[in-house]
Amino acid sequence: MSDAAQPSAAEVRAAAEAVKTALDRHLDAVERRSGQDDPAVYAAFDELAAAAEVYDELLYDTYDEVTPFEIPGSDSLPAYAGPEEPSALSVLIRRDYTVAEPQRLLHQAQRIADLDPDAADEAVGNGAGADRADAAAVVGSSVHAALGVLFGEFEPDEIASRHKEFGLEEGDSTLWVAAADEPAEPGDWLSAPFDQADPQRVVCRFDVSAVFDEELDGDDDLLEPLDRERPNREPLDRER
């Protein structure tokens, strides 16, 4: 940051005062909470987090100093605005994988196709009367078809627990539990399953990501003095 863009000491002081005000409001909301999921508490939480992040940024830019706070990322969920007593739930899951070992994936899919020719037919998309031998051959040479066989044969949780066996490498994953007013009609959302996901109705969420790992790279690093660096910003779950 150039000298011309440097925030002033007065701006840093004002940001610190904003944190104090937000802290008082948060404590007041907690003391006056009307229930376990009081929206006023969530709103005060978000206000305090935002004020602390502004202060932390200005403090670092002006004085090259950091705070001990762990600031929730800007992609954190908004305050809960769903029903107080949900009568239905939607569980939204996303798991990312990389095809790390294509040959292993193809081998596993071929094995499945040999044991269950119907799985190869469905993955390749052959119609009635198609040559099953051709379908099985495609499965053993096409990653696209192999993935169709794999995910058609195993439940997602089993794939998650055996991903290395199938030549896959885990990426980020997340699970959202969202409240609903009433159960959806059968087949109502199947054409667009995630379009109705409302972050304000998420009761809880569970995230897994490599960005949360802060392990040192090797034992040799323990012998070197550690520089005081600005901490990474990681989204935190709000637990109630």
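The values are calculated or read from the model by the stated rules, or taken from the named source; none is laboratory data. Here the structure is a predicted model, which means the values were calculated and not measured. The accessibility values were calculated without ligands, DNA or RNA, using every heavy atom of the protein model including side chains. Shrake-Rupley method; radii C 1.70, N 1.55, O 1.52, S 1.80 Å.
Observations
- Protein-only accessible surface at a 1.4 angstrom probe places the residues Trp176, Trp189 in the order Trp189, Trp176, largest first.
- Whole-Hz ³J(HN,Hα) from phi, Karplus 6.51 cos²θ - 1.76 cosθ + 1.60, for region 58-67, glycine and proline x: 5, 4, 5, 5, 8, 10, 6, 10, 10, 10
- Shape of region 22-67, Cα gyration tensor, a/c cut at 1.5: prolate
- 5 angstrom amide H check on Ala100, placed H, neighbours 5+ away: Leu168, Glu169
- For region 132-209: rounded, prolate or oblate by the Cα gyration tensor [a/c cutoff 1.5]: oblate
- Cα convex hull volume per residue for region 162-205 (Å³): 132
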